[in-house]
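All remarks here apply to the structure that follows.
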Amino acid sequence: MTQTALRCRLCERTQPLTARSICPTCQGPLDVEYGLERLVVRTDGDGAPRSMWRYAELLPHVPADLSTPGLTPLVEAPRLSEALGIQLLLKLEDANPTHSFKDRIAASAIAAAEAFQFETLCCSSTGNLGEALAARCASVGLETVLLCPAGEPPTVATATYGAKILRVADTFDDCRALERRLEELFPWGFVEGNLHALASEGAKTIAYEIAEQLGWQLPDAVISPAASGTLFAKLAQGFDELTALRAATGTRPRLYGAQAGGCSPLATAWADDRPLSKVLPDTEVRSLAIGDPAYGELAVGAARMSGGAIKAVPEEEIAESTTFFAQMTGVDADSAGGVAFGALLELVRRGDIRPGERVVLVVTGTGLKPYAYDVSYSPQEVTSDVDEALAVLGVS
């Protein structure tokens, strides 16, 4: 392994790589620190995996199966490019095994779980992460426990993989509260707990791929949906690493995040130039309904440092934006993709994205996900009370 340590984002103390949620000294968040001086990418002719694992030197753990996910297509959008006066490319994360970028996070989480010999993984999810984790766990024989907001549509596709699903009353943030309590009790891997610093590293490989697919030339701007802020912050980290390692030419791209108007804590903090405040989600875009973003401050900082922004798209515009994007590209993105496209239109209209610039829009998920498999599905509904959850899980 080439990584050297976990480093605290606040006190900057380092410690050996392990499964840990927070810094033992100051309780601050942790990041993986690497000891590389250059990025080494093997060419396809030298047997490089056609997946995110081609960047193994800058990932904390590497699994035995290197076939997926990642190395998703980067394709041109000629009709939109002509209409908007820019060179628009689409990074199609719907080409991953469960059709979202969350496959990268799940793969990195499970690689770490196997290294630490966890037999059960748990996460809170509004949909995509839970499905990605359940699918990857099924492929390697690990148990999955998913905590999903009760108000969301049934995650039938996730049940297909044999996951234990608890539908928790109220919001995603209540799921996270329950996850933290379970972490105090069980020797499991928690994707947003003791594995978070490791799992989130998978998302930065999108930045590596964009650069490689452009001949190691950096684009002018990148736009993506933003919810917890993890993807957005990790895109920034990926481009920063490429620049620091001199693995790509050009200046770091401006990064633009897009949020649904009914849940826009990042966009509000950016617009008002103030610290992040938690909000109560009121949006139909389930994948963006996170009112207390774990990587929020990093995401807002990434937008400012790159010269970009984080924009909110009014709820009443999202459906039309999603449909228009599909009609102009032939790509059926989920509503989060429609939010990103709506933000792009506004950025072009305002002149923030200038004529002729090369812009990459990250399509984080698909609008074609099947949720109608004929499976036995009877999720247990609980509150965020840990004793109730333990009773449902059959643990006393």
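The values are calculated or read from the model by the stated rules, or taken from the named source; none is laboratory data. This structure is a prediction, so every number in the text was calculated from the model and none was measured. Because the Cβ atoms are built from the backbone with ideal geometry, glycine has one as well, and the counts that use them run over all protein chains shown.
Of note:
Here is a yes/no grid of residues against (1) in a helix (DSSP H, G or I); (2) under 24 Å from Asp220 (Cα atoms):
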position	(1), (2)
Leu255	no, yes
Gly262	no, no
Lys278	no, no
Asp282	no, no
Gly291	no, no
Leu298	yes, yes
Ala303	yes, yes
Ala312	no, yes
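- Among the residues listed as Gly338, Gly262, Gly308, the single one being buried (at least 23 other Cβ atoms within 10 Å of the Cβ), of a type in the set (Gly, Ala, Ser) and in contact with a helix residue (DSSP H, G or I) (Cβ under 7 Å, 6 or more places away or on another chain): Gly338
- Some residue of the range 61-73 being touching a strand residue (DSSP E or B) at 6+ places or on another chain (Cβ under 9 Å) and charged (D, E, K, R): no
- Leu66 being assigned to a loop (DSSP other than H, G, I, E, B), hydrophobic (A, V, I, L, M, F, W, C), in contact (Cβ under 8 Å) with a residue 12 or more places away in the chain and closer than 19 Å to Gln237 by Cβ: no
- For the range 28-56, the set of residues classified as at pLDDT 90 or above, outside any strand (DSSP E or B) and closer than 29 Å to Ser139 by Cα consists of Pro49, Arg50, Ser51, Met52, Trp53, Arg54, Tyr55, Ala56, listed by residue number.
- The sole residue among Gly356, Gly337, Gly342 that is in a loop (DSSP other than H, G, I, E, B) and at pLDDT 95 or above is Gly356.
- Meeting the requirement of 1 or more residues that are among the small types (Gly, Ala, Ser), the strands (runs of 3 or more DSSP E) wholly within the range 112-187 are 120-124.
- Filtered residue count, the range 188-217, keeping only those that are in a helix (DSSP H, G or I), of a type in the set (S, T, N, Q) and over 18 Å from the mean Cα position of the chain (by Cα): 1
- Residues satisfying the stated conditions in the range 270-290, i.e. buried (at least 19 other Cβ atoms within 10 Å of the Cβ) and out of contact with any Gly (no Cβ under 7 Å at 6 or more places or on another chain): Trp270, Val285, Leu288, Ala289, Ile290
- Subset tally (residues that are under 21 Å from Tyr161 (Cα atoms) and among the β-branched types (Val, Ile, Thr)) for the range 65-102: 2
- Selection from the range 229-247 of residues that are crowded, with 24+ Cβ neighbours inside 10 Å and in a loop (DSSP other than H, G, I, E, B): Gly229
- Residue-level check: of (1) touching a Leu at 6+ places or on another chain (Cβ under 8 Å); (2) under 30 Å from Arg50 (Cβ atoms); (3) at pLDDT below 95, Tyr161 misses just (1).
- Identity of the residue in the range 48-67, surrounded by fewer than 20 Cβ atoms within 10 Å (Cβ to Cβ), of a type outside the set (D, E, K, R) and over 16 Å from Ala115 (Cα atoms), that ends up nearest to the chain's Cα centre (by Cα): Ser67
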